[in-house]
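Heads up, the thing below is written out as structure tokens.
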Amino acid sequence: MQTTVVNKDNIDKVVGLIYEEKKAFYNELFGKNAPKYLKKAFESDIPPFVKKNCIVLQDGENVKAVLLYATKAEFRHGYQRWVRVLGLKIIPVGAKMIYIIERILFDFSIDDLYIVSLAGELKELLLYRFIKSSRYKKVIVDTIDSDVYERFNFTEEVQIHPKLKRFSKFCDYHTLTGLGWDTHPLVQGRKLILGGVQIQSQLGLHGHSDADVLCHALIDSLLGVSLKKDIGAIFPEDDENKGRSSLEMLEIVVQTVNKSGFFPSSADCVIISPIKLKDYREKMSEKLENVLGCPVSIKFKSGNGVYPESEMKGISAICVTNVDKV
């Protein structure tokens, strides 16, 4: 998953997401050729459709989410270029152009940042990253679908267009800390999976799923601090979860807490194991960071003959996760 910009390879997908998010609104402004005019505006960097202000979350060739924003200065300059995009066929009189510009270039305070569009299956993640990195006092958005903004504790304001609701939020968040712990016994005849990585070993961990204690500890640390639940509440010991990949379970949990406005910002983990694991540290961290979207540190301890793990009885994992609440 990478953050990129609008380019010739993804512009059609980006414009498609932006159009679909406020389809009825753009159809009212531009008619049936609305996507064509949005693309022309992007290609010419006509505010508020300015390429450098469009953040694209992309997985390979798949555009997962897009966030387009604008500052007040960018709203005030360059709007006259709409004439070149719209042409006289759409604007028989100057009043039509004035109407369109007024509807697109809504007025707001100089300390505010305006979200023109937020769309895609990972829009919550993109919104979090945007709020966390924003230098502006407040974020304003006009939207048809208010669900994500209500979940992110935006405040509804007086609407400025009959088809759109206006929401705002100060660019703030706070950090919470979650603790997770898990242990499973070592047995014959099972694969040893830790952090989603298969470890070369004669023994594996016994459990209903693949018994990945590291993923389980991370899951509990996330669920406890965000939704006040544990792994059993989300993944009961039923047929659906028998032998299931714990890394896949962790991915589902991350998506679930993201939708409620919680985002991992760092994770620190300790594994107590009689089996040497240092050669797997980098691969395990990489897999977990790809799922969590944050730095993950992993340390290994043997138990020094004090803990049951030292006697080949099992493996334990303890994780402390910092989570930003937007």
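The values are calculated or read from the model by the stated rules, or taken from the named source; none is laboratory data. The structure presented is a predicted model; accordingly, all values stated were derived computationally and were not measured. For neighbour counting, all protein chains shown are included, and Cβ atoms are generated from backbone atoms with ideal geometry for every residue, glycine included. What goes into the accessible areas is simple: the full protein's heavy atoms, side chains included, and nothing from ligands, DNA or RNA. Shrake-Rupley method; radii C 1.70, N 1.55, O 1.52, S 1.80 Å.
Restricting attention to region 194-230 and to residues that are among the charged types (D, E, K, R) and either without any contact (Cβ under 8 Å) to a residue 24 or more places away in the chain or more than 29 Å from residue 151 (Cα to Cα) (or both), the residue that is surrounded by the most Cβ atoms within 10 Å (Cβ to Cβ) turns out to be 212. The set of residues in region 1-22 that are touching a helix residue (DSSP H, G or I) at 6+ places or on another chain (Cβ under 9 Å), open to solvent by 60 Å² or more (accessible area, probe 1.4 Å) and without any contact (Cβ under 8 Å) to a residue 40 or more places away in the chain contains only 12. Consider region 288-317 and keep the residues that are touching a helix residue (DSSP H, G or I) at 6+ places or on another chain (Cβ under 9 Å) and of a type in the set (Ser, Thr, Tyr). The one that is modelled with the lowest pLDDT is 302.
Can you confirm whether residue 143 is open to solvent by less than 20 Å² (accessible area, probe 1.4 Å), over 17 Å from residue 263 (Cβ atoms) and more than 12 Å from the chain's Cα centre (by Cα)? Give the steps one after another, and end with the answer.
Values: open to solvent by less than 20 Å² (accessible area, probe 1.4 Å): yes; over 17 Å from residue 263 (Cβ atoms): yes; more than 12 Å from the chain's Cα centre (by Cα): yes.
Judged against the criteria, residue 143 is a match.
Looking across region 271-318 at every residue that is touching a His at 6+ places or on another chain (Cβ under 9 Å) and not polar (S, T, N, Q), the one that is surrounded by the fewest Cβ atoms within 10 Å (Cβ to Cβ) is identified as 314. Of all the criteria given as (1) farther than 16 Å from residue 205 by Cα; (2) of a type outside the set (A, V, I, L, M); (3) surrounded by fewer than 18 Cβ atoms within 10 Å (Cβ to Cβ); (4) without any contact (Cβ under 8 Å) to a residue 60 or more places away in the chain, the one not satisfied by residue 235 is (3). Restricting attention to region 121-180, the residues that are within 22 Å of residue 27 (Cβ to Cβ) and free of Cβ contacts under 8 Å to residues at least 12 places away in the same chain add up to 2. If the condition is being open to solvent by 30 Å² or more (accessible area, probe 1.4 Å) and farther than 30 Å from residue 154 by Cα, then region 245-270 contributes 245, 247, 248, 268, 270.
Yes/no matrix, rows are residues, columns are (1) modelled with pLDDT of 70 or more; (2) touching a helix residue (DSSP H, G or I) at 6+ places or on another chain (Cβ under 9 Å):
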residue: 54; (1), (2): yes, yes
residue: 78; (1), (2): no, no
residue: 92; (1), (2): no, no
residue: 99; (1), (2): no, yes
residue: 105; (1), (2): no, yes
residue: 133; (1), (2): yes, no
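Results for (1) part of a helix (DSSP H, G or I); (2) over 19 Å from residue 175 (Cβ atoms); (3) modelled with pLDDT of 95 or more; (4) not β-branched (Val, Ile, Thr), shown as yes or no for each residue.
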{"residue": "225", "(1), (2), (3), (4)": "yes, no, yes, no"}
{"residue": "270", "(1), (2), (3), (4)": "no, yes, yes, no"}
{"residue": "282", "(1), (2), (3), (4)": "yes, yes, yes, yes"}
{"residue": "286", "(1), (2), (3), (4)": "yes, yes, yes, yes"}
{"residue": "319", "(1), (2), (3), (4)": "no, no, yes, yes"}
{"residue": "324", "(1), (2), (3), (4)": "no, no, yes, yes"}
